[in-house]
Amino acid sequence: MIQVGDVLAAIEDAEVVRRNAESFGRASVDTRDITGGELFVAIPGPTRDGHDFAAAAVRAGATGVLISRALADTPELADLDATVIRVPDTLIALQEAARHARGRSTASVVAVTGSAGKTTAKTLIAQVLTAKFEILANKASFNNHLGVPLTLAQIEPGHSHVISEIGTNHPGEIGHLAGLVGPDVALVTNVGFAHLGNFADQQELALEKTDIFNHTRPGGTWIVNGDDELLTRTTLALPGAAQATVVRVGFEAGNDLRAVDVEVDEHGTRGVIEVDGQSLPFSIAAAGRHFGYAVMLAVAVGRVYGIAPSESIEALRGVQPPAGRASLRRVDDQLLMIDDSYNGSPDAMIGSLDLLAALPGQVKVAVLGQMGELGDFSHELHTRVGHKAASSVTDLITVGPNAAPLQAGAVEKGLAAEQVHTAGSAMEAFEQVKAVLQDHDGTAVVLAKGARAMHMERVYLGLAGHTVACALTSCPLYINCADCPKLATG
């Protein structure tokens, strides 16, 4: 809940032009998201200005608007029944009002960041905490300069726990967003290579990720992937590490929570978690060794809040991965699809290739789209993924010109050149997958993964029998094609 008072307390120059509603169930920046009772925040953008949609938001049910234009410049609001608040900068006002709303709340906040696995960790943590508490978790991947404050603006008095993802693609972003959140428990899944092109090196990226701990409330708990040497070393060197409770999870000896005897098949992931002198079997429906980290992180968070590890493991038994994140989809008796199309970073691609290699099948096809935001490290990191692909696939299809080093890396490590193919789009890759499968007999597993803009889910949609009618080879909409209102699928 966000109140008029939150804005006034947070922004010195805020002006209430018209005062009707005093509080709003949540904030929104999208008229399509309005259901009734929201504060619509008019965010100016490079191609669209939210002020142009403020009146439409009120007509759709918003009971307040936050604007930076003079009311005279938005005459369509004059006769509409809604609270109108004017501020110098609507984005800053949203963020600072959300900080104030979080400060009013007595809820305990868990903040999650890392190069890969944030959303999966958030989903599993929510599953554990829901068993005993009234929680709020950010929807989808609301983890940026808009998503984080929009989540905080939804905190209700009845919420005892809040889970917030925090992402970054430039230096300083995590510190700023973590400052809004003020977490009681913070965790970092790993320090990999995602967005590395926007940082000087991986050490700078590690400092960015671990900055979340610098904003954790006194007496808080820091949870890290203890198998990540750079992450662990950077965390323990932080000024507050001696005063914090630091919990390490991982597969290697020496971690506070350790996963052993982990096995993966089409039905999921199972193994044993060693914690507090106990050896506890776990099983989840999500397939992939990397899901073991998410299970341990969720168990570690539950442990902070008094939930026994055995109870957390039971709560996770039937959990499914978020859509497009290593989702196993059986197409027919001969074909299994790994839909890991949500996004693609070097670390996540290597994890997906591990899963592809672990699953039974005579034919293993990886359709890998080019990766973005790697800057000067792009060639090296695409090559590294190519090296991994060589030991994981029978056939490799890449999408996008920047993926050329990925192909070269695979051939360098022994994959036959005739088994390597290039496609200009996901739909072209789908046609190539069909050709590969026609040339082979036996069971097959196909992996599709790449940067979100490449829309690699079109490979799965095609194999599942859907007709994807879209002329775009790359799309700026950050959604799955199956959910696109502009895309015809049949």
Item to check | Failed criterion for Leu177 (all others in (1) surrounded by fewer than 24 Cβ atoms within 10 Å (Cβ to Cβ); (2) assigned to a helix (DSSP H, G or I); (3) modelled with pLDDT of 95 or more hold) | outcome: (1)
Checklist outcome for this item: Only unsatisfied item for Thr120, checking (1) closer than 16 Å to Gly50 by Cα; (2) of a type in the set (S, T, N, Q); (3) touching a Pro at 6+ places or on another chain (Cβ under 7 Å), is (1)
Next on the checklist: I'd like to check something: does the stretch 116-131 contain any residue that is hydroxyl-bearing (Ser, Thr, Tyr), under 21 Å from Gly220 (Cβ atoms) and surrounded by fewer than 20 Cβ atoms within 10 Å (Cβ to Cβ)?
Outcome noted: no
Checklist entry - Of all the residues that make up the stretch 200-246, how many are in a helix (DSSP H, G or I) and either in contact with a Ser or Thr (Cβ under 8 Å, 6 or more places away or on another chain) or in contact (Cβ under 8 Å) with a residue 40 or more places away in the chain (or both)? => result 12
Checklist entry - Mind checking whether some residue in the stretch 136-156 is part of a strand (DSSP E or B), of a type in the set (S, T, N, Q) and either at pLDDT below 95 or more than 20 Å from the chain's Cα centre (by Cα) (or both)? => result no
Checklist outcome for this item: When restricted to Val84, Val65, Val58, the only residue in contact with a strand residue (DSSP E or B) (Cβ under 7 Å, 6 or more places away or on another chain), outside any helix (DSSP H, G or I), closer than 14 Å to Val29 by Cα and not assigned by TED's automatic domain parsing to the domain that holds Val299 is Val65
Item to check | Criterion: exposed (fewer than 15 other Cβ atoms within 10 Å of the Cβ) and touching a residue at least 60 places away in the same chain (Cβ under 8 Å) - qualifying residue of Pro88, Pro75, Pro46 | outcome: Pro88
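The values are calculated or read from the model by the stated rules, or taken from the named source; none is laboratory data. The shown structure was predicted, so the numbers you read here are calculated from the model rather than taken from an experiment. Please note: Cβ atoms are built from the backbone with ideal geometry, for glycine as well, and neighbour counts cover all protein chains shown.
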